[in-house]
Each structure stands twice: as C-alpha cells, then as structure tokens.
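Single-structure report; data block below.
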Amino acid sequence: MTAISLGMPSVPAQPLATRRKSRQIMVGNVPVGGDAPVSVQSMTTTVTADVNATLQQIAQLTASGCQIVRVACPSQDDADALAAIAKKSQIPVIADIHFQPKYVFAAIDAGCAAVRVNPGNIRQFDDKVKEIANAAQAAGTPIRIGVNAGSLDKRLLEKYGRATPEALVESALWECSLFEEHGFRDIKISVKHNDPVVMVNAYRLLAEKCDYPLHLGVTEAGPAFQGTIKSAVAFGALLSEGIGDTIRVSLSAPPVEEVKVGTQILESLGLRQRGLEIVSCPSCGRAQVDVYKLADEVTAGLEGMEVPLRVAVMGCVVNGPGEAREADLGVASGNGKGQIFVKGEVIKTVPESKIVETLIEEAMKIAEQMADEGAESGEPTVSVGA
C-alpha cells in the first residue's frame with residue numbers, strides 16, 4: 001500500500017490570468033473567493049429525505065474530489081432531513097431552495113453550510129429578504145443567489161423579452177441589493193444559461209459590476225459528451241480571464257461524472273495541481289503499436305493513483321521520444337519494443353508485451369518516492385493501492 005501526500009490544490013506560479021478580486025466567504029470549512037482555489041461542486045440525485053441514500057452518494061462524491069455538495073429541498077420531509085445530512089456529511093452541504101421560503105429558514109436552522117435560493121421562483125421572496133438576511137447573519141450562513149434562464153423573474157422577462165446576459169445580471173444584482181439594505185453581504189452569485197455564449201457574457205458583465213464570489217455553471221448542459229464540451233468551453237473562457245470561484249458541471253449523468261469533468265477542467269487550466277495525466281498519441285498512420293490499447297491499459301492500471309504524475313504513452317519515433325522525455329514517466333514505442341523514460345532519461349528497453357507492466361511498476365516506484373518525501377516533510381498522507 002502506497003501513501004500519497006495530500007494538501008490543498010495548488011495554483012501554478014504563472015496562472016493564465018490575474019484572478020478577479022472578490023470578497024471571500026466561507027462555505028463550511030471551504031473558503032470561496034478571494035485568493036482561495038477554485039472549488040468543485042456537484043448535486044445529489046437522491047431524494048433528500050432518504051438520509052442514508054443521500055449520505056452514501058455524498059460519500060461517493062467526496063471520494064471523487066467534490067468539495068461542496070448541494071441537496072434539493074422541495075418538501076417538508078426533505079427539510080426535516082437536512083440536519084442529519086449536514087451533520088454527517090464530510091463536505092459542506094448547501095440546501096437548494098425553490099418555491100417555499102420557509103425551507104430557507106429550515107436549512108439555516110439545520111446547520112447547512114449555505115443556502116441556494118432562486119428568487120425568480122420563490123413566491124413573495126422580496127418580502128422575506130429582511131427575515132432571511134437576519135436569520136442567515138445570526139447563523140453565519142452564506143446565501144447563493146442563483147439566477148437561471150428558465151426561471152427568470154417575470155418582470156425582467158417582460159423588460160428584456162428573453163433571458164439576455166443583461167437580464168440575468170440585473171436580476172442577480174437586484175436581489176443582492178435587497179440583502180445589502182439589511183447589511184448582509186455574505187453572498188455568492190450564479191447567472192446560469194444553457195447557451196455557453198450567453199452564459200459567458202453574463203458572467204463577464206457580472207464580474208465588472210460586483211465583487212461577490214461567482215459560481216460558474218452552464219445549466220441544463222445536456223448528456224455527458226455535449227455537457228462536457230459546453231462546460232469546458234464556457235469555464236475555460238471565464239477561468240482563463242480570472243473569473244470564477246466555484247464550478248459545477250451540470251450533466252445528464254451520475255454526479256460523480258460531473259466532479260471528474262470539473263476537476264479535469266481545473267487541472268487542464270493549471271488551476272489545480274494535476275493528478276495522474278496520461279499523454280498519448282492520437283490516431284496516426286505513423287504508429288507502430290496499438291496506442292489505443294496501450295493507453296487504455298495504462299490508464300486502467302493506474303486508476304486511483306492521486307500523485308501528480310504525467311505519463312506519456314507514445315507510438316512512433318517522430319514525437320515519441322520527445323514527449324516521453326518531457327513526461328515524468330513515458331514510453332516511446334516502435335518495432336515491437338518500447339524505450340522507458342523516467343524523468344527524461346531512458347532507463348530500459350522492453351518488448352511491447354512488457355510495456356504496460358513496466359510503466360505501472362515504475363509509476364508505483366515514483367509514488368513511493370513521493371510518499372517518502374511527504375513523510376519526511378510532515379505532510380498528511382493518504383493510502384492508495386492495495
């Protein structure tokens with residue numbers, strides 16, 4: 001069993017852009033905004049009233065790297081379950097409230113780390129703002145004002161004709177102003193839309209007009225492939241401009257998949273320390289080995305490894321040696337054999353049948369070395385592998 005060093009996701013020395021200056025709030029023990037790392041959120045798909053099922057799914061999300069989780073609260077039974085879920089969850093729980101303002105107070109009383117409200121579909125919400133602000137202030141509970149294209153306030157739909165970026169932003173800032181009148185500013189905002197272009201423009205506009213932390217999301221993004229593309233494009237555009245403090249990839253797929261995609265987006269942009277990264281050839285007539293098979297087998301063999309390790313699986317003599325040399329661990333394959341590189345140096349040449357086995361062995365050696373270094377430095381560790 002190998003012990004792997006843990007720690008907060010690190011930000012690279014040269015980020016893509018200067019981070020937008022926002023105020024910082026605390027969602028449970030997770031800092032959001034300011035200079036805190038961008039965090040990944042998801043939402044449970046269970047009936048919240050089923051406490052055991054909900055906690056089991058939260059545990060799965062936590063193991064996948066989710067840092068904040070949202071649970072739906074459409075009924076009194078769900079509201080009654082919030083206290084047990086918030087107490088036993090390993091990560092902060094946000095209650096998702098629609099239609100009934102009484103559930104906002106129930107979530108605050110239950111000890112939820114934050115409450116998400118959608119003012120556009122909560123009856124007489126504006127009349128309840130003072131009461132909500134006072135309750136949230138007393139409990140130290142942040143509020144996320146979540147504006148969606150599909151549930152925009154009717155007054156703004158009449159004004160703009162549709163859910164434009166301007167309409168989304170005006171709605172969010174109007175609701176913020178109502179809280180501000182009562183001295184409450186422990187707020188995070190989202191202005192989601194299913195069209196990435198509208199969504200990106202809305203967040204750009206919002207970022208110019210306030211200093212609240214922003215939660216990014218393309219709402220109703222679609223099935224896994226389509227939703228991943230939409231989210232990656234939209235988040236990439238905004239995060240590369242320094243905009244965004246938390247993200248949720250909304251997929252018509254199990255929530256664990258949302259977390260995997262969100263984490264990979266942050267790693268790809270250098271906004272989170274990379275974990276295991278496989279670099280492999282695309283389809284190419286130069287390949288002299290079955291690169292698809294090699295890459296899949298190496299990925300499967302290293303599943304669960306959390307060390308920041310880049311492994312290059314290359315299948316030709318054109319780019320192979322260079323890519324393998326640049327990776328932490330790599331193979332340049334051809335003519336039925338493969339040169340194994342570790343930290344830029346060729347350490348051995350093995351037959352094609354031994355490539356996968358050798359890469360996995362060398363990866364474990366590197367992991368053990370990193371674990372030893374972590375133990376010497378006194379950093380916390382987690383066990384990976386059996």
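Some points to look at:
- Label-point separation, Ser75 to Ser353 (7 Å along Cα→Cβ), nm: 6.0
- Residues with amide H under 5 Å from that of Val30, placed H, sequence gap 5 or more: none
- Segment 16-30 and segment 118-195: distance between their alpha carbon centers, rounded to Å: 20
- Here's how it looks for Arg70: its modeled amide H is under 5 Å from those of Ser42, Met43, Thr44, Ile94, which are all 5 or more places away or on a different chain.
- At R0 = 30 Å, FRET efficiency that the Cβ-Cβ distance of Glu158 and Ser252 yields, to 0.05: 0.45
- Nearest-10 value in Å² for the accessible area of Asp372, using the 1.4 Å probe: 90
- Residue-normalised accessible area of the chain, given per residue in Å² at a 1.4 Å probe: 45
- If you model segment 276-372 as an ellipsoid using its alpha carbon gyration tensor, with each semi-axis the square root of five times an eigenvalue, the axes come out at 20, 13, 12 Å, biggest first.
- Helix 51-63 and the long axis of the chain differ in direction by around 50°, with both axes built from C-alpha atoms.
- Here the 3J(HN,Hα) profile of segment 252-267, calculated from phi with Karplus coefficients 6.51, -1.76 and 1.60 at θ = phi - 60°, is 7, 7, x, x, 4, 5, 4, 5, 4, 5, x, 5, 5, 4, 5, 5 Hz, Gly and Pro shown as x.
- Helix 291-301 vs. the chain, principal-axis angle (Cα, 0 to 90°, nearest 10): 70
- Normalised by the number of residues in the chain, the mean separation of alpha-carbon contacts (under 8 Å, six or more apart) gives a relative contact order of 18 percent.
- If R0 is taken as 56 Å, the Cβ-Cβ distance between Gln369 and Ala53 corresponds to a FRET efficiency of 0.85.
- Of every Cα-Cα pair in segment 3-142, the percent that sits beyond 27 Å: 27
- Protein heavy-atom surface of segment 208-328, 1.4 angstrom probe: 51% of the accessible area is carbon and sulfur, with nucleic acids and ligands not counted.
- When the alpha-carbon atoms of segment 52-95 are used, the pair Rg, Dmax equals 9.9, 30 angstrom.
- Between Asp328 and Arg310, the built amide H atoms are under 5 Å apart, and every one of these is 5 or more places off in sequence or on another chain.
- The count of lysine pairs in segment 276-372 that are at least 8 places apart or cross chains, and whose C-alpha atoms lie under 21 Å apart, stands at 8.
- In order through segment 122-136: 3J(HN,Hα) via Karplus (6.51 cos²θ - 1.76 cosθ + 1.60), integer Hz, x for Gly, Pro: 9, 4, 6, 4, 4, 6, 9, 4, 4, 5, 5, 4, 5, 5, 5
- In order through segment 198-206: 3J(HN,Hα) via Karplus (6.51 cos²θ - 1.76 cosθ + 1.60), integer Hz, x for Gly, Pro: 4, 4, 4, 5, 5, 5, 4, 5, 5
- Candidate lysines - alpha carbon under 30 Å from Lys209, same-chain residues fewer than 8 apart omitted: Lys21, Lys128, Lys130, Lys154, Lys159, Lys188, Lys192, Lys230
- Mean ellipticity per residue at 222 nm, deg cm²/dmol - from DSSP H runs of n ≥ 4 across the chain, formula -39500 (n - 2.57): -13000 deg cm²/dmol
- Calculated diffusion of the chain, Stokes-Einstein form, Kirkwood radius summed over Cα pairs, 25 °C and 0.890 mPa s, µm²/s: 109
The values are calculated or read from the model by the stated rules, or taken from the named source; none is laboratory data. These numbers were taken from a predicted model, which means no experiment stands behind them. Counting neighbours? That spans all protein chains shown, and the Cβs are built from the backbone with ideal geometry, glycine included. Each accessible area value is taken on the protein alone, full model and side chains, heavy atoms only, with ligands, DNA and RNA left out. Shrake-Rupley method; radii C 1.70, N 1.55, O 1.52, S 1.80 Å.
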